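Below: the structure, in structure tokens.
Values quoted throughout were computed directly from the atomic coordinates according to the rules given, and no laboratory measurement underlies them. Quantities reported herein were computed from a predicted structural model and do not represent experimental measurements. Here Cβ is always computed from backbone atoms with ideal geometry, including for glycine, and neighbour counts include all displayed protein chains.
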Amino acid sequence: MNKQISTPVGIGIIVVVAIIFIVFLSKMESGLLPNLSGSLPTKNKTTQPTSSPIDPSLKNLPGDTIQKFTSLEEFKDYIEKSKQESRMTFGRGGGVEMMDLSANTSAAPQSKMAVSTGLSEGSAPAPVPDRFSQTNTQVLSIDEPDIVKTNGKEIFFSQPEMYRGQIFYDKMGSSAVSSSKSQVMPPYYPDLPQGDQIRIIKATPASEANVLGKIDKKSGEMLLFGKILIVISENKSKIYGFDITDPKNPVEKWNAEMKEGNNLISARLYGEKIYVATQKSLDFYKDPCPIYPLTLSGSAKDISDVKIECNEIYHPLNSVPSEATYSLLSLDATTGNIENKTSFVGPWSDQAFYMSEKAIYLSYSYSGNFVKLVTGFVSENKDLFPTSVAEKLAKIDTYDISESSKSTEVQTILDRYLNTGEKDEQMRIRNEMSNRIEKYSASHNREGEFTGIAKVNLSNMEVSATGKVPGRPLNQFSFDEYNDNLRVATTIEGSPWQWMLGVGGMASNSNFSDVYVLDKNLKTIGAVKDLGKGESIYSTRFLGDKGYVVTFRQTDPFFVLDLKEPTNPLLKGELKIPGYSSYLHPLPKNQILGVGSESGKVKITLFDVTDPTNPKELNTYKLDEYYSEVSGNHHAFLLDEKHGVFFLPGSLGGYVFSYQNDGLKLVKSVSDFEIKRAVYINDNLYILGNTKMIVLDENNWEKVKEIEL
């Protein structure tokens with residue numbers, strides 16, 4: 001996700017360099033690089049149940065009142081006022097891109113009745129296998145875009161042009177050519193794929209699997225609705241709808257193109273509708289509305305621009321930094337027609353996109369009021385600062401200037417004071433400030449960064465609530481809706497404002513994480529706070545009234561939360577083991593699977609959470625791999641409960657593990673080509689890579705078929 005950093009005028013370059021260096025050191029110390037210590041696991045510790053009732057630090061976090069603009073002039077006035085609220089934002093990388101068992105993301109068996117055919121009532125659906133996997137998604141009923149889709153009869157596999165160098169490398173050997181998109185393919189190898197394409201593969205019967213056709217010059221992530229294949233292509237700038245009634249000859253039915261300046265954030269398929277979210281930076285020299293997020297075209301209609309008028313755009317009454325507009329649209333999957341649309345304003349920042357069966361939640365992060373934090377510190381430590389400095393700083397926050405300008409003024413005043421006078425006294429004051437900041441931060445550490453959240457109801461695509469929580473989420477799994485409440489997991493990263501005092505940057509050991517419970521109006525009603533002090537969240541999973549959080553710095557604390565009472569959530573148990581888990585997946589029999597890393601190797605851990613107060617590590621397996629895509633992309637994971645196995649790709653091949661009998665057993669590995677995904681159809685496992693596909697019989701793991709791609 002894009003990150004945007006703004007700095008005070010005049011010292012911007014110095015500040016940015018200093019912050020990048022400090023943050024880099026902080027992340028090294030906090031464990032954002034693989035753990036190479038090889039430390040031994042600590043003894044399992046049962047944490048006494050603790051609750052975090054709403055306290056004064058949360059009373060300023062209600063769900064914001066929202067309304068639509070009434071005119072272009074009102075929108076312009078709002079932007080002018082929001083400039084005063086502009087914050088300096090410090091981005092943080094995440095394991096990129098959240099669970100009730102009814103919303104299990106496992107690739108659960110799909111019966112004929114459970115599969116949407118996209119046919120009208122009374123039409124006779126074509127025969128499909130008894131079961132086949134679907135993309136591993138956050139909510140079982142809501143599809144997410146991925147590079148592989150199947151309807152049980154065909155498999156659709158996206159092959160971007162960027163893989164062509166790797167494909168030739170795989171086919172001809174390491175001495176033939178380097179992996180490069182720009183490499184010219186030799187004329188004596190004519191069957192290499194030429195450019196972007198989607199391969200359409202006949203999957204059943206497995207013994208007769210073969211390539212049926214392709215969609216040329218198109219690749220990217222896909223959604224599948226009955227006989228319509230939706231392709232998000234061209235660096236997410238276009239969306240295509242293809243009729244695949246005849247898989248050998250797919251026909252383009254419609255397309256939608258992002259208008260200039262609009263970025264596609266994410267998309268989902270629920271029922272017969274596609275839901276997309278876009279972001280557009282506000283141009284302060286042009287009228288901010290109307291907004292034109294998309295241009296639609298199709299065989300049955302003229303090209304038309306999607307238009308969102310000024311009076312269709314929401315804003316919170318409590319002003320927030322407004323640097324971008326976010327638009328959400330629902331499209332008919334078959335025709336591409338717009339069903340509903342809405343838009344709202346917010347900061348230009350990292351976003352997280354989470355969708356339940358009732359609503360879409362789109363979040364954005366922004367910094368707190370650094371000027372108030374610094375002036376507050378000076379006010380509480382008057383013995384270190386002359387009255388004249390405190391008075392000058394107090395006046396600055398009343399000035400009708402932007403936040404960045406205020407920061408510049410504060411920095412100038414502090415620099416002038418801290419760099420004049422006797423050097424011995426300067427040294428004493430700086431040391432005193434360094435020590436006192438820790439105490440001051442303890443009571444203000446949740447004021448440095450916030451995550452704003454907008455809730456859009458699926459029924460009418462209207463923004464029904466906005467709110468905020470301290471800190472920053474990791475990815476979509478940091479959010480989960482349950483019983484009309486929203487649970488949000490965030491990490492608060494130190495004190496990102498203290499550089500203004502000239503005493504160093506964010507201390508890595510000042511990180512901590514919280515889990516908040518918000519009601520349907522996005523008002524905070526409960527919290528579990530201070531998880532993993534000195535650490536950052538690496539993975540989160542919500543399952544009904546339970547929550548599981550992994551933080552990491554040197555060890556991997558695995559936290560179990562009891563969320564049965566939304567207003568009184570509890571920390572129930574904790575387990576510390578070396579390494580970390582960056583993806584958590586629920587398994588049967590109260591077990592959780594973790595995929596992550598330890599000492600530079602891919603680590604798989606099986607947790608037993610039968611007793612929430614005493615989570616246990618049942619088994620661990622370390623692969624001779626440095627990377628698995630599952631760590632940063634849950635779509636790459638496949639679970640087959642019938643056979644008690646799961647699949648994950650690595651950098652060297654693909655791996656099939658059994659998780660039965662409370663253990664982890666590697667039952668099959670596949671090498672010799674770059675593997676991307678696996679799907680199952682009936683009792684066959686189809687493993688797809690950039691150069692070929694192999695089919696394994698899950699009853700005996702013998703090879704059934706192999707085809708070149």
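Under 17 Å Cα to Cα from LYS616, which lysines show up? Leave out anything in the same chain fewer than 8 places away.
LYS43, LYS45, LYS546, LYS572, LYS576, LYS589, LYS603
Given 0.36 nm per residue, what is the gain on full extension from GLU432 to LYS533 after removing their alpha carbon distance, in nm?
Roughly 34.0 nm would be gained on extension.
Among LYS533/LYS665; LYS382/LYS423; LYS286/LYS406; LYS76/LYS392, which pairs are too far apart, with a Cα-Cα distance over 24 Å?
Correct reply: LYS533/LYS665; LYS286/LYS406; LYS76/LYS392.
Quick one: what do you get for segment 529-579 if you divide its Cα Rg by 2.2 N^0.38 Å?
1.12
Relative to 2.2 N^0.38 Å, what does the C-alpha radius of gyration of segment 369-524 come to as a ratio? Two decimals please. List each step's numbers first, then the result.
Numbers: Rg = 19.4 Å, N = 156, 2.2 N^0.38 = 15.0 Å.
Scaled against compact globular proteins, the figure is 1.29.
Taking 2.2 N^0.38 Å as the expected size of a compact globular protein, what ratio does the Cα radius of gyration of segment 648-709 give against it, to two decimals?
On the way: Rg = 11.6 Å, N = 62, 2.2 N^0.38 = 10.6 Å.
Relative to the rule-of-thumb radius for its length, segment 648-709 sits at 1.09.
Sort 438-448, 226-236 by the packing proxy (mean of other Cβ within 10 Å over each peptide's residues), most packed first. The partial results should precede the final answer.
Values: 438-448: 17.2, 226-236: 20.7.
The most tightly packed comes first, giving 226-236, 438-448.
What residues qualify as long-range amide H neighbours of SER464, i.e. H under 5 Å apart, gap of 5 or more or another chain, H built at 1.01 Å from N?
LYS455, VAL456, ASN457
Mind putting together the pair-distance distribution for segment 343-447? All Cα pairs, 10 Å bins, whole percent per bin, short to long.
Going from the shortest bin to the longest, the percentages are 12, 34, 27, 15, 9, 3, 0.
Hey, got the dipole for segment 369-447? About the Cα centre, +1 on K and R Cβ, -1 on D and E Cβ, debye to the nearest 20?
It comes to approximately 100 debye.
Among 131-138, 421-428, how do they line up from the highest to the lowest mean number of other beta-carbon atoms within 10 Å?
Ranking the peptides 131-138, 421-428 by packing returns 131-138, 421-428.
Based on the mean of other beta carbon atoms within 10 Å per residue, what is the order of 592-601, 397-406, most packed first?
592-601, 397-406
Just going by the charge dipole of segment 599-671, with Lys and Arg at +1 and Asp and Glu at -1 on Cβ, which of SER669, LEU639, PRO615 is farthest out on the positive end?
Farthest along the dipole direction, towards plus: SER669.
Rg (Å, one decimal) plus Dmax (Å, integer) for the alpha carbons of segment 554-688?
Taking only Cα atoms of segment 554-688, I get Rg and Dmax of 15.6, 53 Å.
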